[in-house]
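Colleague: Below: one structure in structure tokens.
A short reminder: the numbers here are calculations on the coordinates, not readings from a lab. Every value quoted in this text rests on a predicted model; they were computed, and no experiment measured them. For neighbour counting, all protein chains shown are included, and Cβ atoms are generated from backbone atoms with ideal geometry for every residue, glycine included.
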Amino acid sequence: MTNISSSAVVAEAEGPLVPVGLPTEPKKAKPGWRSLNFGSRMWIALGIIGFVAALAFIGPLFYPFGPDEKVGSLYDYPTWMNTPPTFEHVLGTENFGYDVLAVLMASARTSIIIGLLAGTIAVVIGVAIGVLAGYVGGWVEELLMGFTNIVLAIPSIVILILISISLQSTNVPFLKGAVGLALVIGITSWPWTARAVRAQASSVATREHIDVAKLSGARTPSIMVRDVLPYLASYAVMAWVLQLASAILAESTLSMLGLGPSGANSLGKQLFWALAFQAVATGAWWAFLPPTIVLTMISFGLLYLQSSLDEVFNPRLRRGKKKNLAKAAARRAETARKLAENQPVEVNA
Amino acid sequence: MSDKDSLEARPAVGQPVLSATHVTKQFRVSGGHITAVDDVSVDFHAGKVLAVVGESGSGKSTLARMLLRLMPVTSGTISYQGKDVTHIKGAELRKYWRDVQAVFQDPFSSFNQFYTVGQTLRRGMGAQGLEKETLEQLIETCLGYVGLKPGDAVHKYPHQLSGGQRQRVMIARALMMNPKVLLADEATSMLDASLRVSALNVLQDLRENLGLTVLFITHDIGQACYLADEVVVMEHGLIVERGTTDEVIFEPKNEYTKRLLADVPDLKGSLKVSKDF
Ligand SMILES: Nc1ncnc2c1ncn2[C@@H]1O[C@H](COP(=O)(O)OP(=O)(O)O)[C@@H](O)[C@H]1O
Ligand SMILES: [Mg+2]
């Protein structure tokens, strides 16, 4: 669940290493090819996220039914399956007779809000701990990273479940709802970000501009905020996107276990009720498929966005790839030429 | 720089203002340690230019960073104006950094790329509580001193400047602190030939007009001799030769020094010309 963000730690080494059909002279390759490719990735990701966001935040303004409005009975078929077909309740009704699409829109909204809140909390904690450990170093780093690794080692789902249960039995209404859930997810999912940011921060700390700032009389907090943080901003944005995705998935996991936010719909709660009322067994696909699809779209869109952002923020990644491709191409061309001329070819060349 | 008090506080020409005594630095590396600076003792005399020469990896930067208190020593003492500064920290260290400034080799990574030249320059002065007008005046003076148009430069980001301009901004930044000692670690080696000469002349000027003590670190003995009063030659962390510039050029005792000098065939001739004017 929260492990998704581990990919922020590993510099992604994806992509075809030995592509087929390389041009023999890479310099003459169409210049816009790469950027076009990466651009479309970004647009697909933003398109998917934009669609879900519109469904959640704009959809309810135009849809005639609300999520608390009883419009039918248990699992009424989608109305376009009736004879004659109508488009009144496109996705039928769920177990309580509410309109599935109306509930879906409300659920998506709650899930996104929980994701935003939890993701932001996780990134703020993770970046703060990571920068402090990475920049200050020494025993501060040992201590903070020790703590981080302990939090990482505890199975977070267990902690999540325990805290969620204890929150549900409190009398503080706001902790029982979406905000409480977001807090719980946020404060259990920062360690990956902290580790990734620490590595980055300790490498920024060796840059000469840090020495220059010290010589200019800047104090440690000022250096961390003004000289280290800006160099990590792109990193933090990517971590945030990943934390968002993992928080939304964490919410649905908890909700499916019956620990969802009280007094609100959510994608996970929708699935919980669908399972509880035998939607899968009775073939009422319209009750469980739509929230599943929306969840998949959100996390796919965010992960895809993260990997395209990686290329935007890390031009080196692109250039590095290109250079490697060019080198590989040159090597292959040379080998091919030698083979063609019947020259000996080194096996490991 | 027009600050009278600090001018008077400057020690008389010829006294050691900064010194390293039996300074050693070891780095832990996999499978043991390497001694980057090995029992080095060296004095910097007020108002003089001392050059530290040596091939890359000979420990020059490590020595400079220890003198600057940017890196702890393994053993030995750094003293400034007769006071042991080896282990000072906090406010005392920041005070030391007002007096002892540096310009580094890479004029790009010396900049925080997210800030303009103006912001970079103002950074150091915030702590000193200057009035806004005085500050802007000071920026103007210092940028003018290194030959940059203040109105132009302050709004630019580092990537909008050439390598030579960036290095001048860095010199201006150091000057604004009104230092007594300036360490230039390969500050000219990433500049091309013509810019290098003008940067060297700026340093020369600073010494002559402001009485600055300059530590000039370079792998190029030619540049060292152009600028310096005294030369120290380092090899593998050890000082292998030291003396006045003329002594080192005309009567080198060490084989390594002779080899370095042999790489600069025209040195003796060009030096005579440059020292004649
Ligand atoms: N932070 C460090 N960790 C380990 N070894 C270092 C470090 N900094 C410098 N060294 C080593 O110390 C030696 C001297 O380096 P340096 O002072 O940078 O030489 P110079 O400036 O004369 O080129 C080199 O062998 C270098 O590899
Ligand atoms: Mg060096």
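Colleague: Quantify how strongly other chains surround peptide B:110-118 by giving the mean number of their Cβ atoms within 10 Å of each of its Cβ atoms.
Modeller: Taking the mean over all residues of the peptide, I get 4.
Colleague: Sticking with this one: Calculate the length of the line joining the C-alpha centroid of segment B:195-244 to that of segment B:43-117, in whole Å.
Modeller: Distance between centres, Cα-based: 15 Å.
Colleague: With Kirkwood's inverse mean 1/r over C-alpha pairs for Rh, give me the Rg to Rh ratio of segment A:35-318, two decimals please.
Modeller: That ratio is 1.07, to two decimals.
Colleague: Let me ask something additional. Just to be sure I understand the model, the point goes 7 Å from the Cα along the line to the Cβ. What's the resulting A:M81 to A:T120 distance in nm?
Modeller: 4.0 nm
Colleague: Which three extents, in whole angstrom, do the alpha-carbon atoms of segment B:189-236 cover along their principal axes, largest first?
Modeller: Principal extents (Cα only, largest first): 35, 25, 13 Å.
Colleague: Within 10 Å of each Cβ in peptide B:69-78, how many partner chain Cβ atoms are there on average? Round it to a whole number, please.
Modeller: 1
Colleague: OK, next. Would you work out the relative contact order for segment B:131-216, in percent, from Cα pairs under 8 angstrom that are 6 or more residues apart?
Modeller: Here the relative contact order equals 29 percent.
Colleague: How many percent of DSSP beta bridges within chain B run antiparallel, rounded to 5? Let's see the in-between values first.
Modeller: Details: 23 of 41 bridges.
Around 55 percent antiparallel, to the nearest 5.
Colleague: Could you please rank B:K258, B:K132, A:K214, placing first whichever residue has the fewest other Cβ atoms within 10 Å of its Cβ?
Modeller: Placing the least packed residue first, the sequence is B:K132, B:K258, A:K214.
Colleague: In degrees from 0 to 90, rounded to the nearest 10, what is the angle of the helix B:132-145 Cα long axis to the longest principal axis of chain B?
Modeller: 40 degrees
Colleague: Hey, how many Å between the Cα centroid of segment A:209-270 and the Cα centroid of segment B:129-158?
Modeller: 38 Å
Colleague: Arrange A:I298, A:I223, A:I114 by Cβ neighbour counts within 10 Å, fewest through most, would you? Could you put the intermediate results ahead of the total?
Modeller: Values: A:I298 26, A:I223 19, A:I114 34.
With the fewest neighbours first, A:I298, A:I223, A:I114 line up as A:I223, A:I298, A:I114.
Colleague: Any chance you could list the semi-axes, whole Å, largest first, of the equivalent ellipsoid that the Cα gyration tensor gives for segment A:74-179, using √(5λ)? Can you show the working numbers first?
Modeller: On the way: eigenvalues 411, 55, 28 Å².
Square roots of five times the eigenvalues give 45, 17, 12 Å.
Colleague: For chain B, what are Rg and Dmax over the alpha carbons, in angstrom?
Modeller: 18.6, 56
Colleague: When all alpha-carbon pairs of segment B:98-155 are counted, what percent fall beyond 18 Å?
Modeller: 39 percent
Colleague: OK, next. Using a Förster radius of 35 Å, what is the FRET efficiency between B:K132 and B:A91 based on their Cβ-Cβ separation? Nearest 0.05, please.
Modeller: Given R0 = 35 Å and the Cβ-Cβ separation, E is 0.90.
Colleague: So if R0 is 25 Å, what FRET efficiency would B:D152 and A:S222 give, r being the distance between their Cβ atoms, rounded to the nearest 0.05?
Modeller: Efficiency at R0 = 25 Å is approximately 0.35.
Colleague: Would you calculate the volume per residue, in Å³, of the smallest convex hull containing every Cα atom of segment A:133-242?
Modeller: That works out to 124 Å³ per residue.
Colleague: Gain in length, B:L238 to B:H33, computed as 0.36 nm per residue apart minus the alpha-carbon separation, to one decimal in nm?
Modeller: Roughly 72.2 nm would be gained on extension.
Colleague: Same structure again: At R0 = 56 Å, how high is the FRET efficiency between A:A54 and B:V197 if r is their beta carbon distance? Nearest 0.05 is fine.
Modeller: So, using R0 = 56 Å, E works out to roughly 0.35.
Colleague: Further question: Counting only residues 5 or more places away or on other chains, whose amide H sits under 5 Å from the amide H of B:K180 once H atoms are built in the peptide plane?
Modeller: B:V100, B:Q101
Colleague: Let me ask something else. Hey, how many Å between the Cα centroid of segment A:81-122 and the Cα centroid of segment A:123-168?
Modeller: Each part reduced to its Cα centre gives a spacing of 34 Å.
Colleague: Can you list residues whose amide H is under 5 Å from B:A51's amide H, if they're 5+ apart or on another chain and H is modeled 1.01 Å from N?
Modeller: Those qualifying (amide H under 5 Å, at least 5 residues apart or on another chain) are B:F216, B:D229, B:E230, B:V231, B:V232.
Colleague: Residue by residue through A:204-210, how many Cβ atoms from other chains fall within 10 Å of the Cβ on average?
Modeller: Numbers: counts 0, 0, 1, 6, 12, 12, 4.
Average per residue, whole number: 5.
Colleague: Where Rh is the Kirkwood radius over the Cα pairs of segment B:131-277, the temperature 4 °C and the viscosity 1.567 mPa s, what D in µm²/s does Stokes-Einstein return?
Modeller: Reported coefficient: 77 µm²/s.
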